[in-house]
Amino acid sequence: MLWRVELAPSTLSELKAIEAPPCQERDNAEYAQSLIEKLFARFDSLAQLPHRGTRPRLQELRHYLQVLEKPYRILYRIDEENRVVFIVAILHQTQDLLSAWRSQKRS
């Protein structure tokens, strides 16, 4: 049985930032579109196997799971009762995880 995947409003903003890179050269736009497609494929895979992620090492994020879709890290939480995977952040792997997490209000 599939789980429902929901995106936090902050996650939608992060996807828009990936999709519209500052430099609108053709190659960058194609690369950005490819990344968006890979991220959505990863969301689809979480709908099938939501427990596949690992726990971040940071104590502050112990209630979340993460999966990688290079060069991004997808943070999410699972609502077992309602069978929902809630994507709370998409962060570039070069970002300091805790600083990036704290910089935005998250659900």
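Worth pointing out:
- Hits in region 1-37 - residues which are among the charged types (D, E, K, R), at pLDDT below 95 and surrounded by 11 or more Cβ atoms within 10 Å (Cβ to Cβ): Glu14, Glu19
- Residues located in region 59-71, provided they are surrounded by fewer than 18 Cβ atoms within 10 Å (Cβ to Cβ), in contact with a Phe, Trp or Tyr (Cβ under 8 Å, 6 or more places away or on another chain) and either hydrophobic (A, V, I, L, M, F, W, C) or in a strand (DSSP E or B) (or both): Gln66
- Scanning region 48-64 for residues that are touching a residue at least 40 places away in the same chain (Cβ under 8 Å) and of a type in the set (A, V, I, L, M) yields Leu58, Leu61.
- Pairs linking a residue in region 76-99 that is polar (S, T, N, Q) to a residue that is in a strand (DSSP E or B), with Cβ atoms under 9 Å and 6 or more positions apart or on different chains, are Asn82/Arg4; Gln93/Leu68; Gln93/Tyr72; Gln93/Arg73; Gln95/Arg73.
- Residue in region 83-99 that is modelled with pLDDT under 95, of a type in the set (A, V, I, L, M), assigned to a helix (DSSP H, G or I) and under 11 Å from the mean Cα position of the chain (by Cα) present: no
The values are calculated or read from the model by the stated rules, or taken from the named source; none is laboratory data. Note that the coordinates shown come from a computational prediction; the quantities given were computed from them, not determined experimentally. Neighbour counts are summed over all protein chains in view; Cβ atoms, including those assigned to glycine, are modelled from backbone coordinates with ideal geometry.
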